[in-house]
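Student: Have a look at this one.
The values are calculated or read from the model by the stated rules, or taken from the named source; none is laboratory data. As the structure is a computational prediction, the values presented were derived from the model and not from experiment. Neighbour counts run over all protein chains shown; Cβ positions are idealised from the backbone, glycine included. Surface accessibility is based on the protein's heavy atoms, side chains included, excluding ligands, DNA and RNA. Shrake-Rupley method; radii C 1.70, N 1.55, O 1.52, S 1.80 Å.
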Amino acid sequence: MDEKLTTLKKWIDESDNVVFFGGAGVSTESGIPDFRSVDGLYNQKWKYPPETILSHTFFTRFPEEYYRFHREKLVIENVRPNIAHLKLAELEEKGKLKAVVTQNIDGLHQAAGSKKVLELHGSILRSYCSSCRKPYSAELMNKGTGVPRCTCGGVIRPDIVLYEEPLDDDIVSEAISFIRRAEVLIIGGTSLNVYPAAGLINYYRGNKLVLVNLSETPYDGEADLVIHEKIGKVFGGL
(Lines give C-alpha, C1' and ligand atoms only; values in the text may rest on other atoms or scores of the structure.)
Protein backbone atom coordinates (compact mmCIF):
# COMPACT_ATOMS: atom_id res chain seq x y z
CA MET A 1 0.00 0.00 0.00
CA ASP A 2 2.98 2.32 0.53
CA GLU A 3 3.48 2.83 -3.20
CA LYS A 4 -0.22 3.60 -3.72
CA LEU A 5 -0.20 6.06 -0.82
CA THR A 6 2.80 7.81 -2.36
CA THR A 7 0.92 8.15 -5.65
CA LEU A 8 -2.19 9.50 -3.92
CA LYS A 9 -0.17 11.98 -1.90
CA LYS A 10 1.62 13.16 -5.06
CA TRP A 11 -1.66 13.69 -6.91
CA ILE A 12 -3.08 15.70 -4.00
CA ASP A 13 0.11 17.73 -3.53
CA GLU A 14 0.14 18.69 -7.21
CA SER A 15 -3.54 19.64 -7.40
CA ASP A 16 -5.77 22.44 -6.19
CA ASN A 17 -8.95 20.84 -7.52
CA VAL A 18 -9.65 17.72 -5.46
CA VAL A 19 -13.20 16.50 -4.79
CA PHE A 20 -14.12 13.81 -2.27
CA PHE A 21 -17.15 11.56 -2.59
CA GLY A 22 -17.85 9.51 0.53
CA GLY A 23 -20.18 6.97 2.06
CA ALA A 24 -20.85 5.15 5.32
CA GLY A 25 -17.31 3.79 5.62
CA VAL A 26 -16.06 7.31 6.31
CA SER A 27 -18.00 7.42 9.58
CA THR A 28 -17.75 3.82 10.82
CA GLU A 29 -14.42 4.63 12.46
CA SER A 30 -16.26 7.28 14.48
CA GLY A 31 -18.58 4.60 15.83
CA ILE A 32 -21.50 5.06 13.44
CA PRO A 33 -22.65 1.67 12.09
CA ASP A 34 -22.66 0.91 8.38
CA PHE A 35 -26.22 -0.02 7.39
CA ARG A 36 -25.13 -2.67 4.91
CA SER A 37 -22.19 -4.36 6.63
CA VAL A 38 -22.44 -7.79 8.23
CA ASP A 39 -23.11 -6.18 11.60
CA GLY A 40 -24.98 -3.19 10.16
CA LEU A 41 -28.54 -2.08 10.76
CA TYR A 42 -29.85 -3.91 7.72
CA ASN A 43 -28.85 -7.22 9.27
CA GLN A 44 -30.45 -6.68 12.66
CA LYS A 45 -33.94 -7.94 13.47
CA TRP A 46 -36.79 -5.49 13.83
CA LYS A 47 -40.55 -5.80 13.54
CA TYR A 48 -40.16 -4.27 10.08
CA PRO A 49 -37.10 -4.25 7.78
CA PRO A 50 -35.07 -1.02 8.16
CA GLU A 51 -35.63 -0.27 4.47
CA THR A 52 -39.37 -0.25 5.16
CA ILE A 53 -39.10 1.86 8.31
CA LEU A 54 -36.95 4.43 6.52
CA SER A 55 -39.46 4.92 3.70
CA HIS A 56 -41.76 7.86 3.08
CA THR A 57 -44.82 5.63 3.16
CA PHE A 58 -43.93 4.09 6.52
CA PHE A 59 -43.10 7.46 8.08
CA THR A 60 -46.44 8.85 6.96
CA ARG A 61 -48.46 5.84 8.14
CA PHE A 62 -46.58 4.84 11.30
CA PRO A 63 -44.68 7.86 12.67
CA GLU A 64 -44.61 6.38 16.21
CA GLU A 65 -42.80 3.26 15.02
CA TYR A 66 -40.51 5.33 12.82
CA TYR A 67 -39.45 7.55 15.72
CA ARG A 68 -38.81 4.56 17.97
CA PHE A 69 -36.35 3.28 15.37
CA HIS A 70 -34.96 6.76 14.64
CA ARG A 71 -34.03 7.52 18.26
CA GLU A 72 -32.67 4.08 18.99
CA LYS A 73 -30.70 3.42 15.82
CA LEU A 74 -30.06 6.64 13.90
CA VAL A 75 -29.11 8.92 16.79
CA ILE A 76 -25.61 8.03 17.99
CA GLU A 77 -24.39 10.02 20.99
CA ASN A 78 -20.89 11.40 21.55
CA VAL A 79 -19.49 10.72 18.10
CA ARG A 80 -16.53 12.74 16.90
CA PRO A 81 -14.88 13.26 13.52
CA ASN A 82 -12.12 10.79 12.76
CA ILE A 83 -8.82 11.26 10.94
CA ALA A 84 -10.49 11.09 7.51
CA HIS A 85 -12.93 13.89 8.34
CA LEU A 86 -10.15 16.00 9.85
CA LYS A 87 -7.76 15.47 6.95
CA LEU A 88 -10.41 16.46 4.41
CA ALA A 89 -11.11 19.66 6.35
CA GLU A 90 -7.38 20.36 6.40
CA LEU A 91 -7.11 19.86 2.63
CA GLU A 92 -9.98 22.29 2.11
CA GLU A 93 -8.32 24.88 4.34
CA LYS A 94 -5.15 24.53 2.27
CA GLY A 95 -7.15 25.30 -0.87
CA LYS A 96 -6.77 21.84 -2.36
CA LEU A 97 -10.15 20.27 -1.70
CA LYS A 98 -13.05 22.03 -3.44
CA ALA A 99 -15.96 20.01 -2.05
CA VAL A 100 -17.07 17.00 -0.06
CA VAL A 101 -20.00 15.10 -1.56
CA THR A 102 -21.39 12.77 1.07
CA GLN A 103 -24.10 10.13 1.37
CA ASN A 104 -23.88 10.37 5.18
CA ILE A 105 -26.41 12.20 7.35
CA ASP A 106 -24.32 12.59 10.52
CA GLY A 107 -22.82 16.07 10.06
CA LEU A 108 -19.31 14.90 10.97
CA HIS A 109 -17.66 16.60 8.00
CA GLN A 110 -18.94 19.97 9.21
CA ALA A 111 -17.97 19.10 12.79
CA ALA A 112 -14.41 18.52 11.53
CA GLY A 113 -14.35 21.96 9.93
CA SER A 114 -15.30 21.31 6.31
CA LYS A 115 -17.19 24.21 4.79
CA LYS A 116 -18.30 22.98 1.36
CA VAL A 117 -20.26 19.82 2.13
CA LEU A 118 -22.97 18.59 -0.22
CA GLU A 119 -25.25 16.23 1.70
CA LEU A 120 -26.97 14.05 -0.89
CA HIS A 121 -29.18 12.36 1.70
CA GLY A 122 -29.70 15.32 4.03
CA SER A 123 -28.82 15.57 7.72
CA ILE A 124 -30.13 14.12 10.96
CA LEU A 125 -29.14 17.41 12.59
CA ARG A 126 -32.00 19.31 10.92
CA SER A 127 -35.76 18.85 10.92
CA TYR A 128 -38.87 20.56 9.60
CA CYS A 129 -42.65 20.26 9.63
CA SER A 130 -43.94 17.83 7.01
CA SER A 131 -47.03 20.02 6.57
CA CYS A 132 -45.94 23.68 6.59
CA ARG A 133 -42.16 23.05 6.28
CA LYS A 134 -41.34 25.28 9.27
CA PRO A 135 -37.74 24.46 10.30
CA TYR A 136 -36.95 23.05 13.73
CA SER A 137 -33.81 22.17 15.64
CA ALA A 138 -33.02 18.48 15.86
CA GLU A 139 -33.36 18.36 19.65
CA LEU A 140 -37.09 17.63 19.76
CA MET A 141 -36.80 15.04 17.01
CA ASN A 142 -33.69 13.23 18.20
CA LYS A 143 -34.05 13.40 21.98
CA GLY A 144 -37.75 13.86 22.65
CA THR A 145 -40.44 11.24 23.12
CA GLY A 146 -43.34 10.25 20.95
CA VAL A 147 -44.06 11.97 17.66
CA PRO A 148 -42.84 15.61 17.58
CA ARG A 149 -45.39 18.02 16.16
CA CYS A 150 -45.30 21.53 14.75
CA THR A 151 -47.35 24.42 16.08
CA CYS A 152 -49.57 23.87 13.03
CA GLY A 153 -50.20 20.29 14.12
CA GLY A 154 -48.09 18.69 11.41
CA VAL A 155 -45.57 15.95 12.13
CA ILE A 156 -41.98 17.14 12.40
CA ARG A 157 -39.65 15.02 10.28
CA PRO A 158 -35.90 14.69 9.81
CA ASP A 159 -34.32 16.60 6.94
CA ILE A 160 -33.14 13.37 5.34
CA VAL A 161 -34.05 11.67 2.09
CA LEU A 162 -36.25 8.71 2.93
CA TYR A 163 -36.74 5.77 0.58
CA GLU A 164 -39.26 6.66 -2.17
CA GLU A 165 -38.17 10.31 -2.05
CA PRO A 166 -36.01 12.02 -4.70
CA LEU A 167 -32.66 13.63 -4.01
CA ASP A 168 -32.57 17.43 -3.90
CA ASP A 169 -32.11 18.64 -7.48
CA ASP A 170 -30.00 21.66 -6.50
CA ILE A 171 -27.59 19.59 -4.41
CA VAL A 172 -27.29 16.95 -7.13
CA SER A 173 -26.61 19.59 -9.77
CA GLU A 174 -23.92 21.23 -7.64
CA ALA A 175 -22.33 17.85 -6.88
CA ILE A 176 -22.25 16.99 -10.59
CA SER A 177 -20.62 20.35 -11.34
CA PHE A 178 -17.83 19.78 -8.81
CA ILE A 179 -17.28 16.17 -9.89
CA ARG A 180 -17.22 17.04 -13.59
CA ARG A 181 -14.61 19.77 -13.08
CA ALA A 182 -12.43 17.88 -10.56
CA GLU A 183 -8.83 17.06 -11.38
CA VAL A 184 -8.59 14.42 -8.65
CA LEU A 185 -11.74 12.58 -7.53
CA ILE A 186 -11.34 10.51 -4.38
CA ILE A 187 -14.13 8.08 -3.58
CA GLY A 188 -13.98 6.64 -0.09
CA GLY A 189 -15.94 4.38 2.22
CA THR A 190 -18.69 3.44 -0.19
CA SER A 191 -19.61 0.25 -2.04
CA LEU A 192 -21.04 2.38 -4.87
CA ASN A 193 -24.17 0.22 -4.93
CA VAL A 194 -26.66 2.89 -3.81
CA TYR A 195 -28.28 4.78 -6.65
CA PRO A 196 -28.81 7.43 -7.81
CA ALA A 197 -25.94 8.74 -5.63
CA ALA A 198 -23.35 6.26 -6.92
CA GLY A 199 -24.12 7.21 -10.51
CA LEU A 200 -22.81 10.73 -9.95
CA ILE A 201 -19.21 9.58 -10.37
CA ASN A 202 -19.93 8.87 -14.03
CA TYR A 203 -19.72 12.63 -14.56
CA TYR A 204 -16.01 12.66 -13.72
CA ARG A 205 -13.89 13.61 -16.75
CA GLY A 206 -10.37 13.45 -15.32
CA ASN A 207 -7.72 10.73 -15.17
CA LYS A 208 -7.07 10.57 -11.43
CA LEU A 209 -10.01 8.58 -10.10
CA VAL A 210 -9.13 7.12 -6.70
CA LEU A 211 -11.18 4.42 -4.93
CA VAL A 212 -10.54 3.79 -1.22
CA ASN A 213 -12.73 1.04 0.19
CA LEU A 214 -12.25 -2.16 2.17
CA SER A 215 -14.07 -4.28 -0.39
CA GLU A 216 -14.26 -4.23 -4.16
CA THR A 217 -16.72 -1.92 -5.91
CA PRO A 218 -18.35 -2.08 -9.35
CA TYR A 219 -16.06 0.78 -10.40
CA ASP A 220 -12.69 -0.74 -9.43
CA GLY A 221 -11.92 -1.56 -13.05
CA GLU A 222 -12.46 2.05 -14.10
CA ALA A 223 -10.35 3.67 -11.38
CA ASP A 224 -6.82 4.95 -11.88
CA LEU A 225 -5.87 4.03 -8.32
CA VAL A 226 -7.57 1.47 -6.06
CA ILE A 227 -6.73 1.04 -2.37
CA HIS A 228 -8.54 -1.69 -0.45
CA GLU A 229 -7.99 -0.42 3.08
CA LYS A 230 -9.77 1.43 5.87
CA ILE A 231 -10.14 5.05 4.93
CA GLY A 232 -8.76 6.24 8.28
CA LYS A 233 -5.54 4.33 7.71
CA VAL A 234 -5.18 5.80 4.23
CA PHE A 235 -5.86 9.40 5.23
CA GLY A 236 -3.74 9.01 8.32
CA GLY A 237 -0.81 8.24 6.05
CA LEU A 238 -1.18 11.28 3.84
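Student: Given Lys9/Lys116; Lys73/Lys208; Lys94/Lys230; Lys94/Lys233, which pairs have Cα atoms separated by over 30 Å?
Tutor: Lys73/Lys208
Student: Each residue of region 114-119 in turn: what ³J(HN,Hα) in whole Hz from Karplus with 6.51, -1.76, 1.60 and θ = phi - 60°, glycine and Pro shown as x?
Tutor: 5, 9, 9, 10, 9, 8
Student: Would you mind checking which residues have amide H under 5 Å from Tyr128's amide H? H placed 1.01 Å from N; only 5 or more apart, or other chain.
Tutor: Close amide H contacts, sequence-distant or interchain: Tyr136, Arg157, Asp159.
Student: Is it possible to state the helix-based mean residue ellipticity at 222 nm for the chain, with each DSSP H run of 4+ residues giving -39500 (n - 2.57), the sum divided by total residues, to the nearest 500 deg cm²/dmol? What is it? Provide the component values of the computation, followed by the final result.
Tutor: Details: 9 runs with 69 residues, N = 238.
Computed mean residue ellipticity for the chain: -7500 deg cm²/dmol.
Student: While we're here: Hey, what does the equivalent ellipsoid look like for region 100-238, semi-axes from the Cα gyration tensor as sqrt of 5 times each eigenvalue, largest first, whole Å? Write down the numbers at each step before the final one.
Tutor: Details: eigenvalues 219, 53, 35 Å².
Whole-Å semi-axes of the equivalent ellipsoid: 33, 16, 13.
Student: Counting only other residues whose beta carbon sits under 14 Å from that of Glu183, what net charge do I get with K and R as +1, D and E as -1? Walk me through the intermediate numbers first.
Tutor: Working: positive: Lys10, Lys96, Lys98, Arg180, Arg181, Arg205, Lys208; negative: Asp13, Glu14, Asp16, Asp224.
With Lys, Arg at +1 and Asp, Glu at -1, the neighbours total +3.
Student: While we're on this one: How much solvent-accessible surface does Ile76 expose, in Å² to the nearest 10, with a 1.4 Å probe and all protein chains in place?
Tutor: Its heavy atoms expose roughly 60 Å² to the probe.
Student: Aspartates and glutamates within cross-link reach of Lys96: Cα-Cα under 15 Å, excluding same-chain residues under 8 positions apart?
Tutor: Straight-distance partners of Lys96: Asp13, Glu14, Asp16, Glu183.
Student: Exactly which GluC sites (Glu not before Pro) in region 102-177 are in a DSSP loop and have at most 13 other Cβ atoms within 10 Å? Don't skip to the answer; put the middle values down first.
Tutor: Values: sites: Glu119, Glu139, Glu164, Glu174; in loops: Glu164.
When the GluC sites (Glu not before Pro) of region 102-177 are filtered for loop state and at most 13 Cβ neighbours within 10 Å, Glu164 remain.
Student: Let me cross-check Arg181: its accessible surface, 1.4 Å probe, with only protein heavy atoms counted, in Å² to the nearest 10?
Tutor: In the full protein context, Arg181 sits at about 140 Å².
Student: Output the antiparallel fraction of DSSP beta bridges having both residues in the chain, as a percent to the nearest 5. List each step's numbers first, then the result.
Tutor: Numbers: 9 of 30 bridges.
Expressed as a percentage, antiparallel bridges in the chain total about 30.
Student: Would you please put 80-86, 91-97 in order of how densely packed they are, using the mean number of other Cβ atoms within 10 angstrom per residue and starting with the highest? Please report the intermediate quantities before stating the final value.
Tutor: Numbers: 80-86: 21.9, 91-97: 17.1.
Most protected by this proxy first, the peptides run 80-86, 91-97.
Student: Output the relative contact order of the chain, whole-number percent, from Cα pairs under 8 angstrom with separation of 6+ residues.
Tutor: Normalised by residue count, the contact order of the chain is 24 percent.
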